[in-house]
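All of the numbers you see were taken from the coordinates with simple rules; none came from a lab. Just so we're clear, the structure is a prediction, and the values are computed from it rather than from any experiment. Cβ atoms come from the backbone with ideal geometry, glycine included; neighbour counts cover every protein chain shown.
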Amino acid sequence: MENISVAFQLIVAISVLIIWIIRYDKIVVEFKHYGYSDLLRNFVGVAKTSTSTLLILGLWYNEITIYASLSMAFFMLCAQLSHIKVKNPFIKFVPSLIFLIMSLFIASFNCGLI
């Protein structure tokens, strides 16, 4: 289970960093589609990239992993609600849903629940 949790930490963290840094132009379009402000988009970007960094640091400093994974789960839940708000097709829900599940797994493992 530990190997799965570590793999999930890396997958979620690196994926979110790639999305928010390399594919930022798509994020701009997405946030406009949701009707969110540039200020909110920038806040979410800083928060998600910081949380991703904390997930990676959690590989060495285990005590921060639960906070980082629960924070990421919160952001992914918000993403799900945003998809519902604009009535996106289910396929658009899938990436953030997978990251939500992975983040909850990481948190559960680090709490000793699984």
Discussion item. Given the condition under 12 Å from MET72 (Cβ atoms) and among the basic types (Lys, Arg), answer yes or no: does some residue in the range 26-46 qualify?
Written reply: no
Discussion item. Every residue in the range 15-55 that is under 27 Å from LEU113 (Cβ atoms) and either touching a residue at least 40 places away in the same chain (Cβ under 8 Å) or more than 15 Å from the chain's Cα centre (by Cα) (or both), please.
Written reply: SER15, VAL16, SER52, THR53, LEU55
Worksheet entry | Test result for ALA7, closer than 14 Å to ILE106 by Cβ, exposed (fewer than 13 other Cβ atoms within 10 Å of the Cβ) and of a type in the set (A, V, I, L, M) | yes
